[in-house]
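The values are calculated or read from the model by the stated rules, or taken from the named source; none is laboratory data. All values derive from a computational prediction rather than experimental measurement. Note that we place each Cβ from the backbone using ideal geometry, even for glycine, and neighbour counts take in every protein chain shown.
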Amino acid sequence: MSTTSVTRMSHRSDPDTSHEAAQRVRRGDKLPLLYGAITGILTVDGPLTAKEIHTAYVETRGEIVWLPVADLQDIRRRLTELQHDQQRVVDTGERRNGERILALAEAVAA
């Protein structure tokens, strides 16, 4: 007889599964890798929009295959965390194609 593990789907409206999903993500290696890749891209390429960061991330991931898969929404979430929680990214107040342009806080302060 085989034993299977069931993982409940996460939903924002369900506090139990939502918190469980957040804890799973925090335990993994994905967040530090994404934070590092995003800040690295902003360091090299300067202020960019989320779409531009995602494009650069996809190109970088083609060369560095151990980076986790990340869609545009993943990048936007991580940018929000880097901006609000860690104060490492700032909104420049400028827009390109209707999107806000973000920069590293250290670069703006210098």
Total residues in the stretch 94-110, condition free of Cβ contacts under 8 Å to residues at least 40 places away in the same chain and either hydroxyl-bearing (S, T, Y) or farther than 15 Å from T43 by Cβ (or both): 2
For A103: the one exception among (1) among the small types (G, A, S); (2) touching a Pro at 6+ places or on another chain (Cβ under 8 Å); (3) at pLDDT below 95: (3)
Options T43, T60: the member that is among the hydroxyl-bearing types (S, T, Y), more than 14 Å from the chain's Cα centre (by Cα) and surrounded by 14 or more Cβ atoms within 10 Å (Cβ to Cβ): T60
Of residues in the stretch 46-58 being of a type outside the set (A, V, I, L, M, F, W, C) and at pLDDT 95 or above, the one farthest from A105 (Cα to Cα): T55
Complete set of residues in the stretch 52-110 that are among the charged types (D, E, K, R) and closer than 12 Å to A37 by Cβ: E59, R61, E63, D74, R78
Qualifying residue in the stretch 78-93 (condition: without any contact (Cβ under 8 Å) to a residue 24 or more places away in the chain, part of a helix (DSSP H, G or I), within 21 Å of D29 (Cα to Cα) and of a type in the set (K, R)): no
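Among the candidates V69, V108, single out the residue that is modelled with pLDDT under 90, surrounded by fewer than 16 Cβ atoms within 10 Å (Cβ to Cβ) and out of contact with any Phe, Trp or Tyr (no Cβ under 6 Å at 6 or more places or on another chain).
Values: V69 fails: modelled with pLDDT under 90.
Step by step, each of V69, V108 is checked, and only V108 is modelled with pLDDT under 90, surrounded by fewer than 16 Cβ atoms within 10 Å (Cβ to Cβ) and out of contact with any Phe, Trp or Tyr (no Cβ under 6 Å at 6 or more places or on another chain).
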Selection status of T17, at pLDDT 95 or above and of a type in the set (S, T, N, Q): no
